[in-house]
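In what follows, a structure is listed as structure tokens, so that the remarks can point back to it.
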Amino acid sequence: MSRTLKRILLAAGMFAIGASAAGAATLDDVKARGALNCGVSQGLPGFSNPDDKGNWTGLDVDYCRAIAAAIFNDPTKVKFTPLSAKDRFTALQSGAVDVLSRNTTWTMSRDTTLGLNFSGVTYYDGQGFMVRKSLNLKSVNELNGASICVQSGTTNELNVGDYFRANNLKYELIAFATSDETVKAYDSGRCDALTSDQSQLYALRLKLTNVADHMVLPNVISKEPLGPAVRQGDDQWFDLTKWVYFAMLNAEELGINSKNIDQMAASNSPEIKRLLGSDGKFGESIGVSNDWVVRIVKHVGNYGEMFEKNVGTSSPLGIARGLNNLWNKGGVQYGMPVR
Amino acid sequence: MTDARWSGSAPVRRWSWTDPALRSAVIQITLAIALIWMAWSFFANAQENLARQGIASGFGFMENSAGFGITQTLIPYSESMSYGRVFLVGLLNTLLVAFLGIILATIIGFLMGVARLSNNVVIRALASAYVEVTRNLPPLFQILFWYLAVLSTMPNPRQSWAFGIKPFLDSLASGASAIGLTPLGAWLKGMADAAAAPGVFVSNRGLVVPRPIFEPDANIIFGILVASVIVAFFVARWARKRREATGQQFPTFWAGLAIIVLPALAAGLVLGAPVTIENPELRGFNFVGGIRVIPEFVSLLVALSIYTAGFIAEIVRAGILAVSKGQTEAAHSLGLRSGPTLRLIIIPQAMRVIVPPLTSQYLNLTKNSTLGVAVGYPDLVAVFAGTTLNQTGQAIEIIALTMAVYLTISIVTSTLMGWYNKRVALVER
Ligand SMILES: N[C@@H](CCC(=O)N[C@@H](CS)C(=O)NCC(=O)O)C(=O)O
């Protein structure tokens, strides 16, 4: 009942947009409130997951902390709201969160008809399938007739339909509202395969009873560029969220990290000077202090540090940089120049 | 106009606030205008703000193709069909579970309610335990219990429990031959041999049973069946009327059964049994063919029925207790045994007390069926107010439509029950 209730409340929130002056300056609201409202997942290791002390951790979480660092010089000034795949857009539209950082795929319809803007792609991903090793499968195409568990309200739910139909494969899709229910159903044997973005499969695998019994198939059936989204119609806020991300990429590219940030602040390189705020008024142009990037890197780190810590090869997920490497290192992560 | 002659002496009406009729009319009209204005400005305002935020609005999306698969569809459906179709599929799934749930809950509820008043201590204690346990555990918990703790522990399809229908058909065949229906016996024997492979499978993918495939000739049998049901209905009515008038008994049940079954059976034999059986078969990951009942549906149906039956049992018990003890004593002293006393004297009177609260249990069950999202049952809320809403982002339209549907289901249920209540209401003579 509570789920239905929540949805109705969110819908009521939608009506409330009617009453409030929508499109108001989000940054002013955040500053006045003294905290950023950040929408995350309900628990996805590596991306957004509460640790045993109840602190949120992960790549999507760190991105929100970086925004808070830029605004408040304090990465803890974030209130995290766990959202299911289904409820996330309504929560953003109604103003319940200022930024949605929840492994959300940037698609055209979401960008255009849901009243959202995507600030960037913090993680390039693609959809994969997890199956039991005992099935001895090599490819998705051997899944003809299989039962597949998926979280409802995701791009994954749609991609399965496209792919299986295009390849003339039969399937039974069982869609659950939350990732916990999805994982439990797969774990109990109700489904032959669990499908989601590959990175999430590695994360969800950690939640299974017998991690070693399961494997992720090599096939990738879609493009899933995951990134943060904000409400359409507030350009200042859109700019800020976009440039926080670019700043983290540029910091990595220029070799600035959380350990050397103090030396780097004294650097003579014009690029570094602009990025770290000793030259120009770039911070002011997005409504924060000029040393915004120093704050971000000091508290959260650059993009590479954020990646390694949360999902990289040294983390439990153990994902290689791959596509998410910088553009000049064989990946496609590319920070627009600060100038 | 005969009134004309009164007009002369009628008091002159004045516009005055002290006139209650006028006052209430003015207030009501003002209120109505204010409400309409509020609703309209609400709508216009929302429309304008949605447009400014770049959020789509209107019902145009209903024609767009949905793109996602649905596990259980009572009507043909594929991903390339529209959101409008998704709405229908979801609605039918909701109606299916609500309808069957109401029937099951009523049966279990009545049995338990009567059992709670039984003279047998064990039966009474069991029924009390049932009521206490089922009423006090949240329905969501019960749904998850059946889904995760019971149904998902079933074996996987390869190791599923298989039951043949052959032994069943064999025994029917020998039974038929024994009572002299030799051709029927032979036919059943043939069917049994045709269905030699097991046809019923239980696994963690649900229950699979053979699907009867009817040939065109079967329509004749269906026609005969429908006609027999109508005849049986009129015979039952005639029997009741005669009993009420003359007190003469008539074996309505057995006669009705014969009227319904025998002509159809005869037609079936004449037409050479125009039905074949499609046995499900394990192919790859799952069963192909047959009819499959998914565990999501079963767990939701079982949990809702059992949960609601707990409440219905209490309602039934209260209803029976509301009938004065003198009625039972009077029936007994007339020589009626306990069974008929309950069935013919007590329950009909108790119905007056039972029906109104029963209605609200039916409504509760229907609304609780939305909890099926937790186990992935594709009801209206899951596929329409859930996935469709998420994909199109059109919360206002979709929530409004969904609310309208539940409101309609509730109103229809209450109306039907209200009509039934009038029929069982005490007729004062
Ligand atoms: N990238 C997908 C979302 C994928 C998604 O939500 N995956 C599930 C995997 S089951 C998840 O991460 N769930 C986490 C949660 O709900 O907490 C989209 O944008 O539609």
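Inspection of the stretch A:70-82 finds a residue satisfying the criterion of being of a type in the set (A, V, I, L, M), closer than 26 Å to residue A:180 by Cα and open to solvent by 10 Å² or more (accessible area, probe 1.4 Å). When only residues in the stretch A:193-239 that are in contact with a Leu (Cβ under 7 Å, 6 or more places away or on another chain) and in a loop (DSSP other than H, G, I, E, B) count, which is farthest from residue A:120 (Cα to Cα)? By that ranking, first place goes to A:217.
The residues of the stretch B:291-335 that are among the hydrophobic types (A, V, I, L, M, F, W, C), free of Cβ contacts under 8 Å to residues at least 60 places away in the same chain and not in a helix (DSSP H, G or I), listed by number, are B:323, B:334. One residue alone among B:176, B:127, B:162 is in a helix (DSSP H, G or I), farther than 26 Å from residue A:181 by Cα and either open to solvent by 40 Å² or more (accessible area, probe 1.4 Å) or in contact (Cβ under 8 Å) with a residue 60 or more places away in the chain (or both), and that residue is B:127.
Return yes when residue B:87 is within 14 Å of chain A (Cβ to nearest Cβ) and open to solvent by less than 60 Å² (accessible area, probe 1.4 Å) and no when it is not. Criteria not met by residue B:87. Looking only at residues of the stretch A:149-205 that are more than 8 Å from every other protein chain (Cβ to nearest Cβ), of a type in the set (Asp, Glu) and open to solvent by 10 Å² or more (accessible area, probe 1.4 Å), we find that the one that is nearest to the ligand (Cβ to nearest atom) is A:180. Residues that are more than 27 Å from residue A:243 (Cα to Cα), more than 14 Å from the ligand (Cβ to nearest atom) and in contact (Cβ under 8 Å) with a residue 24 or more places away in the chain are absent from the stretch A:93-109. When you look at residue B:75, is it outside the structural domain of residue B:406 (by TED's automatic domain parsing), over 30 Å from residue B:357 (Cα atoms), under 23 Å from the mean Cα position of the chain (by Cα) and not charged (D, E, K, R), yes or no? Spelling it out, residue B:75 is indeed outside the structural domain of residue B:406 (by TED's automatic domain parsing), over 30 Å from residue B:357 (Cα atoms), under 23 Å from the mean Cα position of the chain (by Cα) and not charged (D, E, K, R). Which residues, counting only those in the stretch A:162-177, are under 22 Å from residue B:384 (Cα atoms) and in contact with a strand residue (DSSP E or B) (Cβ under 7 Å, 6 or more places away or on another chain)? Once the filter is applied, which keeps residues that are under 22 Å from residue B:384 (Cα atoms) and in contact with a strand residue (DSSP E or B) (Cβ under 7 Å, 6 or more places away or on another chain), the stretch A:162-177 yields A:171, A:172, A:173, A:174, A:175, A:176. Only residues that are over 16 Å from residue A:155 (Cβ atoms) and not charged (D, E, K, R): list them for the stretch A:93-112, please. Scanning the stretch A:93-112 gives A:93, A:94, A:95, A:96, A:97, A:99, A:101.
Of these, B:157, B:167, B:139, which one is crowded, with 19+ Cβ neighbours inside 10 Å and either more than 12 Å from chain A (Cβ to nearest Cβ) or within 28 Å of the chain's Cα centre (by Cα) (or both)? Step by step, each of B:157, B:167, B:139 is checked, and only B:139 is crowded, with 19+ Cβ neighbours inside 10 Å and either more than 12 Å from chain A (Cβ to nearest Cβ) or within 28 Å of the chain's Cα centre (by Cα) (or both).
The values are calculated or read from the model by the stated rules, or taken from the named source; none is laboratory data. None of these values were measured; they are calculated from a predicted model. Positions of Cβ are generated from backbone atoms using ideal geometry, with glycine treated the same way; all protein chains shown enter the neighbour counts. We work out accessible area using only protein heavy atoms, side chains counted, and drop any ligands, DNA or RNA first. Shrake-Rupley method; radii C 1.70, N 1.55, O 1.52, S 1.80 Å.
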